[in-house]
Amino acid sequence: MFLLLFSLMPIMNGCIPTQEVEPITTTTTTTTEDPTTTTVPYPCSACTPIYNTGCMGYGVPSPTNWCAIGEDIPVTYTIGINDYGSTACQTTLQCPSGTIAYFDQSGTEVEGNDGGTDSYSISCEEEGNYVGMWMTQIEAFPQPINLVTCRNA
């Protein structure tokens with residue numbers, strides 16, 4: 001028995017706590033990254049952007065007279081070949097819900113097809129006979145336009 005007691009002595013000495021033990025706490029930290037906006041360079045050289053940059057968004061300047069800002073649509077431009085075989089700056093525009101497409105034709109605003117609710121393919125020749133002129137189909141005919149605006153319905 002004496003021998004057993006001495007053989008267990010190193011084990012018993014190793015199990016005696018000699019320092020204070022603090023409770024374990026877990027802290028979770030969540031970080032979020034700021035959203036970034038990637039701006040795609042404007043690919044066209046002979047054509048200026050077609051969407052109305054003067055729009056200020058919903059309810060501005062008044063609840064009955066406002067237009068959607070370009071970021072709400074969004075308007076993106078590409079370079080491609082138009083229906084007439086010319087290199088052209090192109091975009092497809094669909095006004096957001098609650099707005100109607102209007103096209104400026106030399107100072108006169110014209111409502112788009114089907115009450116301005118259609119999707120519109122718009123192109124501007126980068127080379128050829130109509131360099132720098134935006135065109136779209138209005139009432140089944142190609143029409144020159146100066147500006148597109150998505151106004152409140």
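Computed from the coordinates by the stated procedures, all read-outs in this text should not be read as laboratory data. Remember, predicted model here, so these are calculated numbers, not experimental data. Heads up, the Cβs are rebuilt from the backbone with ideal geometry, glycines too, and the neighbour counts pull from every protein chain shown.
Counting charges near T53 (Lys, Arg +1; Asp, Glu -1) among other residues having Cβ under 15 Å from its Cβ returns a value of -2. In this label model, T108 and Q94 are separated by 3.1 nm, measuring between points 7 Å along each Cα→Cβ vector. Distance between the pseudo-spin-label points of E127 and T76 (7 Å out from Cα toward the beta carbon): 2.5 nm. Here L93, L147 are placed in order of increasing Cβ neighbour count within 10 Å, fewest first, which gives L147, L93.
The chymotrypsin sites (Phe, Trp or Tyr not before Pro) of the stretch 40-124 meeting both criteria, a DSSP state outside H, G, I, E and B (loop) and at most 16 other C-beta atoms within 10 angstrom of the site's C-beta, are Y58, Y84.
Can you list the GluC sites (Glu not before Pro) in the stretch 108-148 that are in a DSSP coil and have 12 or fewer other beta carbons within 10 angstrom? Filter output for the stretch 108-148: E127, E139.
List M56, M135 from most exposed to least, where exposure is judged by having the fewest other Cβ atoms within 10 Å. If you can, show how the numbers build up before the last one.
Details: M56 11, M135 20.
Lowest count first: M56, M135.
Summing +1 for each Lys or Arg and -1 for each Asp or Glu among the other residues whose beta-carbon sits under 10 angstrom from that of V110 gives -4.
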